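Colleague: Have a look at this one before I ask anything.
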Amino acid sequence: MINKQLLKKRFNNHAKTYDAYADVQKNMANQLIDQLSTNSFNQEIAILEIGCGTGYLTQLLCEKFPKAAITAVDLSSGMIDLAKKKVTEDRVSFICEDIEELRIEKHYDLIISNATFQWFNSLHTTIKKLYKQLKPTGRLLFSTFGNRTFKELHSCYSHAKQKLGLFSNSSPGQSFFSLEELTQICEQALVPLREHPFRLSKMEKLEVQYFPTVQAFFTSIKKIGASNSNEESYCQRPSFFRELINLYENDYRNENGIKVTYHCLIFNVTKTNHSQSCPDYSLEVMDCS
């Protein structure tokens, strides 16, 4: 369970350093934009962006759809303050709110979100709520992190616990869903909405980064505000972290540095008319490791 107040505090505290360290998140935003055709380029469509952060994707949406009305939502006031400095067009409005708690009144042609769905506590309920707010033939397009994210860290964390005789169920952060698990969540949320058929496509990609040290990797997580925000406890003994770092250095260092894997998932849910089959699935797997 994510502690939303702690999450908000961490994103507020690190909003100013987010852009300098969020390379993977920016790549994911670019991939989302690539999923969007230019058919609506000159149309006055309505877009809802969830988890706008410092406004990187918001800027891309403004460029892609110059006549769109965009509503950008984020939990962190610090992030929104920076986004407002980047994006000053009157057609963009910002809301500082938790989307899981926010009552959405309007309907949208596009609801889009980058690297945010992993912070939801009620993903099934939220997906259903967002889908209901799509206009006919509207799209819900989102990216998030999959279960192979930080697989090196999780492996070392588990081995360090075993080596020191620690048998708790703690982990270094929240767990992420696999592609299959997230597909099932979407199915369970959307299939019962029989009056609103949908088409679902999905993509996964492994992206690898290298850091000079394990500590530099930990710093990068902290600088974007993505440190552990679980309500559950996790091991913080100095001796444990020394062991974890030693294992990481020994097992996952090569000539490029310390290896860190990000598992990026992209889901594209489109409302269809009643004449189309429901649901319809397609899958693209991109392994860039």
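Colleague: Any idea how far apart Asn30 and Asn250 come out in nm if each label point goes 7 Å out from Cα toward Cβ?
Modeller: According to this spin-label approximation, the distance is 3.8 nm.
Colleague: To continue, here is another question. Determine ³J(HN,Hα), in whole Hz, for all residues of the stretch 199-209 in sequence, where each value follows from phi through the Karplus function 6.51 cos²θ - 1.76 cosθ + 1.60 and θ = phi - 60°; x replaces Gly and Pro.
Modeller: Values, residue by residue: 10, 10, 10, 8, 8, 10, 8, 9, 10, 10, 10 Hz.
Colleague: Please report the relative contact order for the chain, taking Cα pairs under 8 Å with a sequence separation of at least 6, and give it as a percent rounded to a whole number. Numbers along the way, then the final one.
Modeller: Numbers: 536 pairs, mean separation 69.5, N = 289.
Here the relative contact order equals 24 percent.
Colleague: Okay, next question. In the structure displayed, which of Lys26/Lys161; Lys106/Lys202; Lys161/Lys223; Lys86/Lys135; Lys132/Lys222 lie more than 32 Å apart, Cα to Cα?
Modeller: Exceeds cut-off: Lys26/Lys161; Lys132/Lys222.
Colleague: Tell me the angle of helix 151-163 to the major Cα principal axis of the chain, expressed in degrees between 0 and 90 and rounded to the nearest ten.
Modeller: 40
Colleague: Something else now. Taking θ = phi - 60°, what integer Hz values does the Karplus form 6.51 cos²θ - 1.76 cosθ + 1.60 yield along the stretch 93-100, in sequence order, with x for Gly and Pro?
Modeller: Taking θ as phi minus 60°, the curve returns 10, 10, 10, 8, 6, 7, 4, 5 Hz for the stretch 93-100.
Colleague: Can you work out the Karplus-derived ³J(HN,Hα) for every residue in the stretch 14-30? Use 6.51 cos²θ - 1.76 cosθ + 1.60 with θ = phi - 60°, whole Hz, and x for glycine or proline.
Modeller: Karplus-based 3J(HN,Hα) across the stretch 14-30 equals 10, 4, 6, 9, 4, 4, 6, 10, 8, 5, 5, 4, 5, 4, 5, 4, 5 Hz.
Colleague: If you don't mind, there's one more thing I want to ask. Given [x] 19.0, 56; [y] 18.0, 53; [z] 19.6, 62, which label gives Rg and Dmax of the Cα atoms in Å as computed from the coordinates?
Modeller: Looking at Rg and Dmax of the Cα atoms in Å for this model, the match is [z].
Colleague: Further, regarding this structure: Please report the base-10 log of the normalised intensity I(q)/I(0) for the stretch 29-154, using a Debye sum with one equal scatterer per alpha carbon and no solvent, at each q in 0.11, 0.14, 0.16, 0.17 (1/Å).
Modeller: With no solvent term, the Cα-only Debye profile gives -0.36, -0.59, -0.77, -0.87.
Colleague: Cut-off under 24 Å on the C-alpha distance; same-chain residues fewer than 8 positions from Lys163 excluded. Which lysines are left, in chain and number order?
Modeller: Here the lysines satisfying the reach criterion relative to Lys163 are Lys151, Lys259.
Colleague: For the stretch 87-138, what is the per residue volume of the convex hull drawn over the alpha-carbon atoms, in cubic angstrom?
Modeller: Taking only Cα atoms, the stretch 87-138 has a hull volume of 109 Å³ per residue.
Colleague: Search the structure for amide H atoms under 5 Å from the amide H of Lys135, placed 1.01 Å from N in the peptide plane, and list their residues when 5 or more places away or on another chain.
Modeller: Tyr108, Asp109
Colleague: While we're here: Got the relative contact order for the stretch 35-134 handy, in percent, Cα pairs under 8 Å and 6 or more residues apart?
Modeller: Computed over the stretch 35-134, the figure is 31 percent.
Colleague: Could I ask something else about it? List the residues whose amide H sits under 5 Å from the amide H of Ile258, counting only those 5 or more places along or on another chain, with H placed 1.01 Å from N in the peptide plane.
Modeller: Long-range HN contacts for Ile258: Phe211, Thr213.
Colleague: Using a 1.4 Å probe over the heavy atoms of the protein chains, calculate the carbon and sulfur portion of the accessible area of the chain as a whole percent.
Modeller: Ligands and nucleic acids excluded, carbon and sulfur give 46 percent.
The values are calculated or read from the model by the stated rules, or taken from the named source; none is laboratory data. Everything quoted here is computed from the prediction, not taken from an experiment. For neighbour counting, all protein chains shown are included, and Cβ atoms are generated from backbone atoms with ideal geometry for every residue, glycine included. Ligands, DNA and RNA are stripped out before the accessible areas are found, and what is left, the full protein with its side chains, is counted by its heavy atoms. Shrake-Rupley method; radii C 1.70, N 1.55, O 1.52, S 1.80 Å.
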